[in-house]
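The values are calculated or read from the model by the stated rules, or taken from the named source; none is laboratory data. Small disclaimer: the values here were computed from a predicted structure and weren't measured. Cβ placement follows ideal geometry from the backbone for every residue including glycine, while neighbour counts extend to all protein chains displayed. Remember, those area values only see protein heavy atoms, side chains included, never the ligands or the DNA or RNA. Shrake-Rupley method; radii C 1.70, N 1.55, O 1.52, S 1.80 Å.
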Amino acid sequence: MDALDRKILTELQMDGRLTVTELAARVQLSVSPCHRRVRDLEREGAIRGYRAVVDHAAVGLNFEALVFATLRWEDRDTVTAFEEAVTAIPNVIQAQRLFGEPDYLVRVATTDLAAYQQLYDQQLARLPGVQRLTSTLVMKHVIDDRPLPE
C-alpha cells in the first residue's frame, strides 16, 4: 500500500458516495487507474464495505454506555458463549475483547437510562461467564468515526 492508496482510503472514509470520477480528481489520478486501485483495495480487504453513518440521537438512541465485562473464566467455551450472546443483543453497537482486565469493552446505545437499566438487568447481567460488569456513561462524543490517518 502506497501513499496514493492511503489518500484514496482517506477520501472514501470522508465520503463513501464519491463517484470514481470525483475520487480520481481529488487524488489527482486518471479514472481508470483510480478505479483499479479501489477494486484492489476492496479485494485485499482494506475496504471492507460501504455504509451510511446514522446519527444515534436522530433515531431516538440518546443514551450510550460503555460496559466493561470481566469473565469468571477465559476458557474457549466461555469466551465463545459470551461473544455469541453479546453479538445477539441489538443494542450492542460495538464490542472489543481486551488484553488484561477487564476482558471486554461493550458499547451500548438505548433510548434513555430506563431502557439501559432494563437491558442491563435482562440481558447484559445474564451474559454467559460474566463475573463483573462495570458501566460508565457517555457524556459527549469528542471524536466519532474519524477516518484512519494516512
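Structure summary
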| quantity | calculated |
| --- | --- |
| Charge dipole (debye, nearest 20) of segment 59-150; +1 at Cβ of Lys and Arg, -1 at Cβ of Asp and Glu | 160 debye |
| Rounded, prolate or oblate (a/c below 1.5 giving rounded, otherwise prolate when a/b exceeds b/c) for the chain by Cα gyration tensor | prolate |
| Surface accessible to a 1.4 Å probe, per residue, for the residues of the chain, Å² | 68 Å² |
| Shape call, segment 28-73: gyration tensor on alpha carbons, a/c limit 1.5 | oblate |
| FRET E, pair Met14, Arg132, Förster distance 30 Å, beta-carbon r, rounded to 0.05 | 0.15 |
| Spin-label model distance (nm) - Arg39 vs Thr70, 7 Å beyond Cα toward Cβ | 5.3 nm |
| Signed unit charges on C-beta, dipole axis of segment 1-104, positive-most listed residue Ala25, Leu98, Ala57 | Ala25 |
| Computed E for Asp121/Leu148 - FRET, C-beta separation, R0 35 angstrom, nearest 0.05 | 0.40 |
| Electrostatic dipole magnitude of segment 1-92 [Cβ: Lys, Arg +1; Asp, Glu -1; Cα centre; debye, to 20] | 440 debye |
| Helix-only mean residue ellipticity at 222 nm for the chain, each DSSP H run of n ≥ 4 adding -39500 (n - 2.57), per residue, nearest 500 | -11000 deg cm²/dmol |
| For segment 89-150: rounded, prolate or oblate by the Cα gyration tensor [a/c cutoff 1.5] | oblate |
